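What follows is a single structure, written as structure tokens, with notes after it.
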Amino acid sequence: MSLPEFKLLRPRALPDAIGYLAHYAGNIRVLAGGTDLIPSMRQKLFEPEYVLDLRGISELRGIKSHADGRTDVGALTSLRAIEKSAYLREHFSVLAEAAATVASPVIRNMGTIGGNICLDTRCLWYNQSLPWRKGCGFCIKKDGDICHVAPGGTKCWAAFSGDTPAALLCLNAEIELASANGTRRVTLRDFYTNDGQNYRKLKPNELLTRVFLPRESAGYRGVYRKLRVRGSIDYPLAGVAVAIKRSNGHVLDARVAITAVNPAPMIVEDAAKMLRGNVVDEALADSVGDLAARTAKPLTTSALTPEYRREMIRVFAKRALLAAWN
Ligand SMILES: Cc1cc2nc3c(=O)[nH]c(=O)nc-3n(C[C@H](O)[C@H](O)[C@H](O)COP(=O)(O)OP(=O)(O)OC[C@H]3O[C@@H](n4cnc5c(N)ncnc54)[C@H](O)[C@@H]3O)c2cc1C
Ligand code: SF4
């Protein structure tokens, strides 16, 4: 599968990148590590006239901890740097754990946190070559008007399949979006739409520049668990992140989030309420597992059945919670 023709833009400074985006909005794609964009372009899922390569912009790279406890991570920071950061491992362990499970070491060296957050949603009927899609029939997400997964519907159910966003939701992370009109800061929770087609609230002229980890989220014990076909490399087909803070043998606060089973990564609402003030035991972990499974709405967007993926959300939520507690 060859790449379609495009013009490569390689700015060295953020204002230049933002300028290009403003000028070519609608006909340009951002390239960070390229580990998802390039395969997708080969499959002719995107055929932009311009590709904006961010890799020369050094100010978008790096993990900074501030004296007042705030931490920010540049959008171009590699997943490998996040996985290996002793600082993140100590203070925001759920993020380092989730990053360490993405794909393989080679891909984590290239892939970035910004690319992981902006990752396109995935579906068996979509992540295929052009001849495959043409042969089987195009669908709502690209070039068609039907959904093979939920026929009769008008919505795309492709699953958001990034690992780190579930961890970032547990940390109440916020992101910075920059454009020629200035910057805006949004919570990660508000960034996703739960619609597989228009899955994120990113305007065509906007760039994700930084991820903010609030001081209040430091020190939670974090665990991430995922289901994948090949343990050494694959995207998640179900993922659970848990972050928990203890005090005097009880849960002071806890957050549970899931990924890869809905068109958006999601916080498990009410898990915190269920856990606060309690001691985590098998029965409580079972109840949280049930809540997580109720939040998951997988459809047949992958080779594994929705029933199995949903069940694994229940199992992983329980296991992750017990592991974080113990
Ligand atoms: C074999 C294989 C296995 C994989 N396994 C996993 C896995 O287990 N878990 C997982 O989460 N991912 C997986 N991936 C997907 C991918 O490698 C990661 O999600 C990676 O983090 C993507 O980052 P990137 O920098 O390479 O993004 P890119 O491919 O460069 O970009 C991805 C998307 O985000 C947009 N984008 C990137 N950066 C920005 C920005 N700063 N502002 C605005 N838009 C931006 C791009 O335009 C594109 O649409 C896998 C990929 C492959 C090829
Ligand atoms: S969920 Fe439906 S519309 Fe979306 S990619 Fe799959 S088949 Fe296409």
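The values are calculated or read from the model by the stated rules, or taken from the named source; none is laboratory data. Not measured: the values here are computed from a predicted model. Neighbour counts are summed over all protein chains in view; Cβ atoms, including those assigned to glycine, are modelled from backbone coordinates with ideal geometry. Note: areas computed on protein heavy atoms with side chains; ligands, DNA, RNA excluded. Shrake-Rupley method; radii C 1.70, N 1.55, O 1.52, S 1.80 Å.
So which of Arg55, Arg133, Arg89 is within 22 Å of Met1 (Cα to Cα) and part of a helix (DSSP H, G or I)?
After applying the criteria, what remains is Arg133.
Do you know which residues across segment 16-49 are more than 17 Å from Ser179 (Cα to Cα) and not charged (D, E, K, R)?
If the condition is that a residue be more than 17 Å from Ser179 (Cα to Cα) and not charged (D, E, K, R), then Gly33, Gly34, Thr35, Leu37, Ile38, Pro39, Ser40, Met41, Gln43, Leu45, Phe46, Pro48 are the ones that fit.
So Lys142 clears everything in (1) closer than 19 Å to Pro39 by Cβ; (2) open to solvent by 30 Å² or more (accessible area, probe 1.4 Å); (3) more than 14 Å from ligand 1 (Cβ to nearest atom) except one condition, right? Which one?
Status for Lys142: all satisfied but (3).
Across segment 109-134, which residue is nearest to ligand 2 (Cβ to nearest atom) among those that are aromatic (Phe, Trp, Tyr) and open to solvent by 30 Å² or more (accessible area, probe 1.4 Å)?
Checking each candidate, the answer is Trp125.
Taking the options Ala103, Ala96, name whichever one is near ligand 1 (Cβ under 8 Å from one of its atoms) and either open to solvent by 10 Å² or more (accessible area, probe 1.4 Å) or not β-branched (Val, Ile, Thr) (or both).
Of Ala103, Ala96, the one residue that is near ligand 1 (Cβ under 8 Å from one of its atoms) and either open to solvent by 10 Å² or more (accessible area, probe 1.4 Å) or not β-branched (Val, Ile, Thr) (or both) is Ala103.
Could you check segment 187-234 and list, in sequence order, the residues that are small (Gly, Ala, Ser) and away from ligand 2 (no atom under 16 Å from the Cβ)?
The answer is Ser217, Ala218, Gly219, Gly222, Gly231, Ser232.
Given the residues Arg255, Arg246, which is the only one that is more than 25 Å from the chain's Cα centre (by Cα) and either buried (at least 16 other Cβ atoms within 10 Å of the Cβ) or part of a strand (DSSP E or B) (or both)?
Testing whether each residue is more than 25 Å from the chain's Cα centre (by Cα) and either buried (at least 16 other Cβ atoms within 10 Å of the Cβ) or part of a strand (DSSP E or B) (or both) leaves just Arg246.
Scan (1) open to solvent by 50 Å² or more (accessible area, probe 1.4 Å); (2) not in a helix (DSSP H, G or I) for the single condition Thr301 breaks and write down its number.
Of (1) open to solvent by 50 Å² or more (accessible area, probe 1.4 Å); (2) not in a helix (DSSP H, G or I), only one is false for Thr301: (1).
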